[in-house]
Amino acid sequence: MPPVDNEMRQAPCPAEYGEYQQTQIRLLQVSEKVLIVYAHQSSGSFNSAAKDAAVEVLTAKGCTVEVSDLYAMKFKATATAEDITGKVKNADHFRYGEETKLAWEAGKLTADITEEQRKLTEADLVIFQFPMYWFTVPAIMKGWMDRVLTLGFAFTHEKRYSQGIFKEKKAMLSFTTGSQESMFTANGINGDMNVTLWPLQNGILHYCGFQVLAPQIFWAPSHVPSEARGTMLESWRTRMLGLLGENPLAFTPLDCFDGEKGYQLKPEVHEKHAAKEFGLTVGIHLGKALPPNNQMKAGV
Ligand SMILES: Cc1cc2nc3c(=O)[nH]c(=O)nc-3n(C[C@H](O)[C@H](O)[C@H](O)COP(=O)(O)OP(=O)(O)OC[C@H]3O[C@@H](n4cnc5c(N)ncnc54)[C@H](O)[C@@H]3O)c2cc1C
């Protein structure tokens, strides 16, 4: 997002405020860059339609949109020594994290990784569009995460979670399921979707610092009537009109944990939360009930 200039800081008179605010929102959004990391094999799929809708609406709003179409790119999914050009430091005991950090510093990561890192560096918002596979992203998209979000570039020991490298950027998951919504609830056969999303949204996106927007879930598009699919796409288009202004999901800030004591929650934070009904987040639940919709809706 561009820096807020002095003119924008000047307070307008109240009567003009609504219009002024709308204009500023539009101005701010004009230069936003969006990267869509997309994983579906077929251009006739519902995922393809969701991706196309995103490109169309966001472009019409003035955003610059890039798409990484992973299957079309034949994106390599495996994290191996071939991801480094030239000699690695220790071929006998190859360690992906350390070696890719050195290679990133020396400009020796392969061209496909470097290009995705360029797109990511420029993006203000990253949308991951995919069909849910085995409760997570398809392997090709996990490969993108493994290979592009490298140590040094995407995170360091000091720079992670709320202090993460991408803390000025937003990211979100937009995905389809085969299951109905009722199956992914606390009483449903698959369990609570909030729990399913925690590893992806906390362990990958927020770990790298991203402000994580609420997921867009298209429930079972293969099993609903055609009109219902149209409605789902229409509500996605409507959501995208305000997407860049949405508040992110709530996570526990890094400074609530004590790095000297194995990154345990600081006693004063624990104490402050003692009388509360729910845990802090899905993962940091403190042995209490999970905060409802913690990984599904902002502001809870
Ligand atoms: C390996 C694997 C693992 C899986 N694991 C899980 C899992 O853990 N949990 C789970 O819930 N599911 C799982 N699934 C199911 C999978 O998530 C769904 O099959 C997938 O999400 C459906 O999305 P799609 O885009 O492929 O649908 P498609 O079958 O491509 O599309 C659905 C329907 O939408 C129609 N359509 C396309 N474009 C439009 C348009 N513009 N407007 C209206 N309709 C349109 C299509 O013609 C089709 O009728 C798994 C599937 C596989 C292969």
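Some values worked out for this structure:
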| item | result |
| --- | --- |
| Near pairs, Cβ below 7 angstrom, 6+ apart or cross-chain, from the stretch 230-254 (farther than 21 Å from Gly164 by Cβ and modelled with pLDDT of 95 or more) to any residue that is away from the ligand (no atom under 16 Å from the Cβ) and in a helix (DSSP H, G or I) | Met240/Leu58 |
| Residue that is within 22 Å of Arg239 (Cβ to Cβ), out of contact with any strand residue (DSSP E or B) (no Cβ under 8 Å at 6 or more places or on another chain) and either in the same structural domain as Val282 (by TED's automatic domain parsing) or of a type in the set (A, V, I, L, M, F, W, C) (or both), where the choices are Phe155, Phe184 | Phe184 |
| Residue tally, condition touching a residue at least 12 places away in the same chain (Cβ under 8 Å) and either touching a helix residue (DSSP H, G or I) at 6+ places or on another chain (Cβ under 6 Å) or surrounded by 22 or more Cβ atoms within 10 Å (Cβ to Cβ) (or both), over the stretch 174-193 | 6 |
| Tally, over the stretch 150-168, of residues that are more than 14 Å from Gln201 (Cα to Cα) and surrounded by 16 or more Cβ atoms within 10 Å (Cβ to Cβ) | 8 |
| Residue among Leu233, Leu213, Leu243 that alone is assigned by TED's automatic domain parsing to the domain that holds Ala123, within 16 Å of the ligand (Cβ to nearest atom) and within 27 Å of Val55 (Cα to Cα) | Leu233 |
| Any hit, the stretch 261-280, residues being among the small types (Gly, Ala, Ser) and either surrounded by 12 or more Cβ atoms within 10 Å (Cβ to Cβ) or in contact with a strand residue (DSSP E or B) (Cβ under 7 Å, 6 or more places away or on another chain) (or both) | yes |
| Selection count where residues are closer than 30 Å to Leu280 by Cα, among the aliphatic types (A, V, I, L, M) and out of contact with any strand residue (DSSP E or B) (no Cβ under 8 Å at 6 or more places or on another chain), scope the stretch 221-255 | 3 |
| Residue within the stretch 68-88 that is in contact with a Ser or Thr (Cβ under 9 Å, 6 or more places away or on another chain), at pLDDT below 95 and under 26 Å from Val137 (Cα atoms) present | no |
| Helices (runs of 4 or more DSSP H) (entirely within the stretch 183-300) containing at least 2 residues that are under 21 Å from Glu168 (Cα atoms) | 193-200, 226-242 |
| Ala220 modelled with pLDDT of 95 or more and in contact with an Asp or Glu (Cβ under 9 Å, 6 or more places away or on another chain) | yes |
| Looking only at the stretch 46-74, and only at residues there that are in a helix (DSSP H, G or I) and among the charged types (D, E, K, R), the one that is nearest to the ligand (Cβ to nearest atom) | Asp52 |
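The values are calculated or read from the model by the stated rules, or taken from the named source; none is laboratory data. Predicted, not measured: the structure shown is a model, and the values here were computed from it. Note: ideal-geometry Cβ built from the backbone for every residue, glycine included; neighbour counts use all protein chains shown.
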